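J.: Got a structure for you, questions after.
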Amino acid sequence: MMHIEVATRSEVGQRSHNEDDLRHGTSGQQVYAIVSDGAGGHSNGAMASDIVVRTATVLLQRATVFNAAVLEAAIEEANEVLNMGQHGFTSQQRMHATVVALWIDAELGEAMWAHVGDSRLYRVRQGRAEQLTMDDSVVQHMVNAGYIKPEEAKHHPRKNQLLAAMGSEETPHVHVTKQPERILDGDVFLLCSDGWWDQ
């Protein structure tokens with residue numbers, strides 16, 4: 001059985017308030033960690049991230065099999081629960097959030113992950129950091145299309161505009177690993193919101 005250690009930290013930083021939510025836990029041989037961030041300054045962002053994290057956590061705790069379909073379904077269900085609380089809201093009032101989730105099977109030594117929005121997952125392996133997720137953002141799509149260079153994205157005026165988020169009227173596409181990936185001894189995973197990586 002692989003030994004896994006988890007550490008968390010959440011701070012307001014340079015912002016007036018913190019809309020992040022995070023949870024981690026175990027279920028048998030499986031370990032999960034989820035980070036969500038109220039998106040784009042929308043109203044009730046803290047409530048949105050809380051709903052997303054609590055819902056996905058319950059579903060991963062109940063999971064009986066370790067596969068990508070279960071992880072994707074947990075994120076989709078979290079979106080549905082968030083949307084259930086939005087009846088009667090105008091588009092400007094809707095609650096939105098980003099999410100990134102990591103799910104590990106400690107016995108198999110494998111990991112999978114999913115995300116919506118611009119909360120990210122990084123992996124540090126043998127001293128090298130690698131971003132494992134791709135932001136659902138306007139500037140990321142501009143980078144992908146070759147309109148701007150990666151170094152220009154950080155200061156672009158549209159850097160905070162998302163193309164997908166939890167709580168949208170259209171069901172967001174959940175980006176999820178198709179197959180579990182092998183964990184190597186010493187691997188470190190970092191889940192974070194844009195309050196961390198955008199500094």
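The values are calculated or read from the model by the stated rules, or taken from the named source; none is laboratory data. Because the structure is predicted, anything quoted here is derived from the model rather than measured. So basically every Cβ, Gly included, is an ideal-geometry build from the backbone, and we count neighbours across all protein chains shown. Surface accessibility is based on the protein's heavy atoms, side chains included, excluding ligands, DNA and RNA. Shrake-Rupley method; radii C 1.70, N 1.55, O 1.52, S 1.80 Å.
J.: Is it possible to state the helix-based mean residue ellipticity at 222 nm for the chain, with each DSSP H run of 4+ residues giving -39500 (n - 2.57), the sum divided by total residues, to the nearest 500 deg cm²/dmol? What is it? List each step's numbers first, then the result.
T.: Numbers: 5 runs with 51 residues, N = 199.
Rounded to the nearest 500, it is -7500 deg cm²/dmol.
J.: With just the Cα atoms of region 94-199, tell me how far they stretch along each of the three principal axes, in Å, largest first.
T.: The Cα atoms of region 94-199 stretch 43, 32, 24 Å along their principal axes.
J.: Ok, one more. Choose one of M166, T177, A153: the residue whose Cα lies farthest towards the positive end of the charge dipole of the chain (beta-carbon charges +1 Lys, Arg; -1 Asp, Glu; about the Cα centre).
T.: A153
J.: So what is the orientation-averaged projected area of the chain, using the convex hull of its C-alpha atoms, in nm²?
T.: Numbers: hull surface 45.9 nm².
The orientation-averaged projected area of the Cα hull of the chain comes to 11.5 nm².
J.: Taking the convex hull of the alpha carbon atoms in region 90-132, what volume per residue do you get, in Å³?
T.: On the way: hull volume 3.5 nm³, N = 43.
Spread over its residues, the Cα hull of region 90-132 gives 82 Å³ apiece.
J.: How big is region 114-176 on each of its three principal axes, counting only the C-alpha atoms and giving the largest first in Å?
T.: Principal-axis extents of region 114-176 (Cα, largest first): 42, 26, 17 Å.
J.: Moving to a separate point now. Taking a spot 7 Å from the Cα of T26 along the direction of its beta carbon, which residues of region 148-187 have an amide N less than 20 Å from it?
T.: Counting backbone N atoms under 20 Å from the label point, the list is 183-187.
J.: Can you order the peptides 147-153, 80-86 by their average number of other Cβ atoms within 10 Å per residue, highest first?
T.: Details: 147-153: 11.9, 80-86: 16.6.
Descending mean neighbour count gives 80-86, 147-153.
J.: For the peptides 22-34, 44-56, 123-135, what is the packing order when you average, over each peptide's residues, the other Cβ atoms within 10 Å and list the highest mean first? Show your work: numbers first, answer last.
T.: Values: 22-34: 17.9, 44-56: 23.0, 123-135: 13.4.
Averaged packing, sorted descending, gives the order 44-56, 22-34, 123-135.
J.: Solvent-accessible area of L162, probe 1.4 Å, all protein chains present, reported in Å² to the nearest ten, please.
T.: Accessible area of L162: about 50 Å².
J.: Same structure, new question: Could you estimate the translational diffusion coefficient of region 22-104 from the Stokes-Einstein equation, with Rh from the Kirkwood formula over C-alpha pairs, at 37 °C and 0.692 mPa s, in whole µm²/s?
T.: Numbers: Rh = 13.0 Å.
D, rounded to a whole number, is 252 µm²/s.
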